[in-house]
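Asker: Below: one structure in structure tokens.
The values are calculated or read from the model by the stated rules, or taken from the named source; none is laboratory data. Computed from a prediction, not measured in an experiment: that's the story for all the values here. Reconstructed Cβ throughout: ideal geometry from the backbone, glycine too, with neighbour counts over all protein chains shown.
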Amino acid sequence: MTTRRTLLTSVAVLAALSFGSPAFAQSSKPMPVVATFSILGDMVTRIGGSHIAVTTLVGPDGDAHVYQPTPADARSVSSADVLFVNGLEFEGWIDRLVDASGFDGVRVVATKGIDAIPFDDHDDEHDDHAEHDKDEHGHDKHDDEHAHDKHAHDKHAHDKHDEDEHAHDKHDDEKHDDHAGHDHGAFDPHAWQSLGHAVSYVDNITAALAKADPANASTYYENRAAYVAEIEALEADVRAMIDAIPENKRTIVTSHDAFGYFADAYGLTFEAPQGLSTESEPSAADVAKMIVQIREESISAVFVETVTDNRLLEQIANETGATIGGTLYSDALSSSDGPASTYLDMMRHNATTLAAALGS
Amino acid sequence: MIWELVVSPFADFGFMRRALLGCIAISIGATPVGVFLMLRRMSLTGDAMAHAILPGAAFGYLVSGLSLGAMTIGGLVAGMAVALLSGLVSRVTALREDASLAAFYLISLALGVLIVSTRGSNVDLMHVLFGTVLALDDAALILVCTIASVTIMVLAALFRALVMECADPQFLRSVSGLSAVTHFTFLTLVVMNLVGGFHALGTLMAVGIMILPAAGARFWASSIGGLIMAAVSIAMLSSLIGLLLSFHYSLPSGPAIILVAGVFYATSLTVGSVGGLLTRTLPRPQPDA
């Protein structure tokens, strides 16, 4: 592995040297890139390694739904070569920031090619995705270099959002064509909550970095292969942990509805009194409905989240006799000394917390 | 029927009982303060003070997280600083109190926005600051009830001086040294009730429950005692009806309560027995209080 990377790198460096191209200048100095929030920033850092300098706009424990950009953010964005966004209207403020900053690099939508879940459609017809994703990732181990072509089983409406060209659409999957009619902005943006989708994120990131910085492309693909292997290993662990939870205990109550993809991928049901965004205020009817449901289904634990106000959930737990099962990380990583300082740690922490509270 | 519509939501759900208790406590504490604010032509002061306490609460939140104590103390300090400074300026300089209050609350607000924005971590602060009445925990309930009790006792002790301040502040200032004490104690009450209210209803809603019932009561009574009784009754009814509407029609509860108070205000304005629109068109108009 090491010899191969060394070889490839030296070839790339030689090529860059021989042409005296700007790519060489870039490879000697880290390429400035910007990621909108901490989870995406972590993934980009894993792929780019020391060849890039990542600036993350919404830091650990921050809520990217309602973030207000600062002039420093505009400066970071304007000087960046690549801007990574989640897409699916997760960062509602990004368009204005890009306009204001005069950014002229490449904007990469990390969710490109992901089969997004419509807001009102969490429960049906998605159960097959998890298996499907898993199969495809299985192939990837054998052909690292070209793997980014594999994941784009998309033909649906939100593709129109993506500005940059589509090199990845070779794998259309007829099974998902029925989504084509959905409107824009009607999708759940929290796609990183499924490890299968995380591989798509990583592929989009890798392809973008390789294109922006061809000199180091081989390193990026090497990093990608190692990272994807870790993601897949973790996915197997998570699946095993969730499978150990008894069927009748797989309904989970959280404070904001960010776990649609997690639920789909691993066969759980998530309920939240606050709906999908952290911005709406709950009504007494919503809270009452949730309490009735917790009582009727004898749900034993509710889970609080880091980015939201948990007072309401604590009240619900009090009233129903359910315990607070632990803290889940949904939209942001923890600070570096917390239990979820990287994306993989976050997913492992969430699965472990769920399994520990519900598994007994 | 009545049972199902009115009683069973409270009988079945503890959070509804808590919400109602919290609202009643705020009605008892904040509404009389609102009546005095109205009588002293300071109705908009409540709004300004609400903005003034917001940065303090935000600061408390950023320093020690979602802690009732830190946010309460932060709000009290910021509110009192603005109230005292603006009162001081108006008493020792030529600037009128409304202008100096506006100046200080705007400074306070800008400072708060600055503090919030320079902090890297950005949880939806407005969501934290705009508490919901459905999530009152024990500590918040105790705080709200304590504030209501203290308010009632202080108002009772200062009643004469306050009425005098309302009727003829110049006179009170000329015959007694209590004028300044009364004024600042009263401002303290305003700040305290707003801080208590924002734990329950959120900052702007707290001003609503303070001012709207008082304005509505103005059309039903002319004595101060009558005004307070009418205002507290309107506030309690608004809380009850607002919560029930939120329960039955799936509306957010804070705005529902304030909108019901708004409907009470509009109704009082129209049909109120003291200076309402209808009574004014009658042959024998009631004298204004």
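Asker: Restricting attention to the stretch A:39-53, which residues are surrounded by fewer than 22 Cβ atoms within 10 Å (Cβ to Cβ) and not in a helix (DSSP H, G or I)?
Answerer: The one that is surrounded by fewer than 22 Cβ atoms within 10 Å (Cβ to Cβ) and not in a helix (DSSP H, G or I): A:53.
Asker: Being in a helix (DSSP H, G or I) and at pLDDT 85 or above is the filter here, so list the residues in the stretch A:233-249 that pass it.
Answerer: A:233, A:234, A:235, A:236, A:237, A:238, A:239, A:240, A:241, A:242, A:243
Asker: Select from the stretch A:62-77 the residues that are at the interface with chain B (Cβ under 8 Å from one of its Cβ atoms) and not acidic (Asp, Glu) and write down the one among them that is farthest from residue A:98 (Cα to Cα).
Answerer: A:62
Asker: OK, next. When you scan the stretch B:61-68, do you find a residue that is part of a helix (DSSP H, G or I), away from every other protein chain (no Cβ under 13 Å) and under 30 Å from residue A:290 (Cβ atoms), even just one?
Answerer: Taking every residue of the stretch B:61-68 in turn, at least one turns out to be part of a helix (DSSP H, G or I), away from every other protein chain (no Cβ under 13 Å) and under 30 Å from residue A:290 (Cβ atoms).
Asker: I want to confirm something. Restricting to the stretch B:31-52 and keeping residues that are under 9 Å from the mean Cα position of the chain (by Cα), within 15 Å of residue B:261 (Cβ to Cβ) and small (Gly, Ala, Ser), which single residue is surrounded by the most Cβ atoms within 10 Å (Cβ to Cβ)?
Answerer: Among those residues, the one meeting the criterion is B:34.
Asker: Can residue B:204 be described as part of a helix (DSSP H, G or I), within 14 Å of chain A (Cβ to nearest Cβ) and modelled with pLDDT of 90 or more?
Answerer: It is false that residue B:204 is part of a helix (DSSP H, G or I), within 14 Å of chain A (Cβ to nearest Cβ) and modelled with pLDDT of 90 or more.
Asker: Among B:181, B:163, B:190, which is among the β-branched types (Val, Ile, Thr) and surrounded by 22 or more Cβ atoms within 10 Å (Cβ to Cβ)?
Answerer: Result of the check over B:181, B:163, B:190: B:190.
Asker: What are the residues in the stretch A:25-38 that are crowded, with 20+ Cβ neighbours inside 10 Å and in a strand (DSSP E or B), if any?
Answerer: Result: A:31, A:33, A:34, A:35, A:36, A:37.
Asker: Further question: Is there a residue in the stretch B:251-259 that is part of a loop (DSSP other than H, G, I, E, B) and farther than 28 Å from residue B:14 by Cβ?
Answerer: Checked against the condition, which is being part of a loop (DSSP other than H, G, I, E, B) and farther than 28 Å from residue B:14 by Cβ, the stretch B:251-259 yields no hits at all.
Asker: Please state which of the following conditions residue B:262 fails to meet, knowing it meets all the rest: (1) touching a residue at least 12 places away in the same chain (Cβ under 8 Å); (2) within 25 Å of residue B:154 (Cα to Cα); (3) not in a loop (DSSP other than H, G, I, E, B).
Answerer: (2)
Asker: Would you point out which residue out of B:41, B:91, B:96 is on the phi > 0 side of the Ramachandran plot and away from chain A (no Cβ under 14 Å)?
Answerer: Residue meeting the stated conditions: B:41.
Asker: Could you say which residue among B:214, B:221 is more than 14 Å from chain A (Cβ to nearest Cβ), assigned to a loop (DSSP other than H, G, I, E, B) and crowded, with 19+ Cβ neighbours inside 10 Å?
Answerer: Result of the check over B:214, B:221: B:221.
Asker: If you check residue A:70 against the conditions, is it touching a helix residue (DSSP H, G or I) at 6+ places or on another chain (Cβ under 7 Å), among the β-branched types (Val, Ile, Thr) and surrounded by fewer than 20 Cβ atoms within 10 Å (Cβ to Cβ)?
Answerer: Answer is yes for this residue.
Asker: Name the residue that is surrounded by the fewest Cβ atoms within 10 Å (Cβ to Cβ), counting only residues in the stretch A:288-339 that are touching a Gly at 6+ places or on another chain (Cβ under 9 Å), under 30 Å from residue A:56 (Cα atoms) and among the small types (Gly, Ala, Ser).
Answerer: A:335
Asker: Consider residue B:14 against the criteria (1) within 14 Å of another protein chain (Cβ to nearest Cβ); (2) among the small types (Gly, Ala, Ser); (3) within 18 Å of the chain's Cα centre (by Cα): it satisfies all of them except one. Which criterion is unmet?
Answerer: Here residue B:14 meets the rest and fails (3).
Asker: Continuing with the same structure: Among the residues of the stretch B:105-127, is there at least one that is closer than 18 Å to residue B:180 by Cβ, in contact with a helix residue (DSSP H, G or I) (Cβ under 9 Å, 6 or more places away or on another chain), more than 14 Å from chain A (Cβ to nearest Cβ) and modelled with pLDDT of 80 or more?
Answerer: Within the stretch B:105-127, not a single residue is closer than 18 Å to residue B:180 by Cβ, in contact with a helix residue (DSSP H, G or I) (Cβ under 9 Å, 6 or more places away or on another chain), more than 14 Å from chain A (Cβ to nearest Cβ) and modelled with pLDDT of 80 or more.
Asker: Of all the helices (runs of 4 or more DSSP H) wholly in the stretch A:69-165, which have at least 1 residues that are in contact with a Gly (Cβ under 7 Å, 6 or more places away or on another chain), at pLDDT below 50 and of a type in the set (A, V, I, L, M, F, W, C)?
Answerer: Because the criterion is at least 1 residues that are in contact with a Gly (Cβ under 7 Å, 6 or more places away or on another chain), at pLDDT below 50 and of a type in the set (A, V, I, L, M, F, W, C), the helices (runs of 4 or more DSSP H) in the stretch A:69-165 that meet it are A:127-140.
Asker: Then there is this: Among all residue pairs at least 6 apart or on different chains, which show Cβ distances below 9 Å where the first residue, located in the stretch B:1-17, is surrounded by 15 or more Cβ atoms within 10 Å (Cβ to Cβ) and the second is not in a helix (DSSP H, G or I)?
Answerer: Every condition considered, the pairs that remain are B:15/B:136.
Asker: Does any residue of the stretch A:268-287 turn out to be in a helix (DSSP H, G or I), surrounded by fewer than 19 Cβ atoms within 10 Å (Cβ to Cβ) and at pLDDT below 90?
Answerer: Within the stretch A:268-287, one or more residues are in a helix (DSSP H, G or I), surrounded by fewer than 19 Cβ atoms within 10 Å (Cβ to Cβ) and at pLDDT below 90.
Asker: What number of residues within the stretch A:303-322 are more than 7 Å from chain B (Cβ to nearest Cβ) and at pLDDT below 80?
Answerer: Selection size over the stretch A:303-322: 6.
Asker: Regarding the stretch B:230-242, can at least one residue be identified that is more than 18 Å from the chain's Cα centre (by Cα), away from chain A (no Cβ under 14 Å) and not aromatic (Phe, Trp, Tyr)?
Answerer: Within the stretch B:230-242 (the criterion being more than 18 Å from the chain's Cα centre (by Cα), away from chain A (no Cβ under 14 Å) and not aromatic (Phe, Trp, Tyr)), the answer is no, since none of the residues qualifies.
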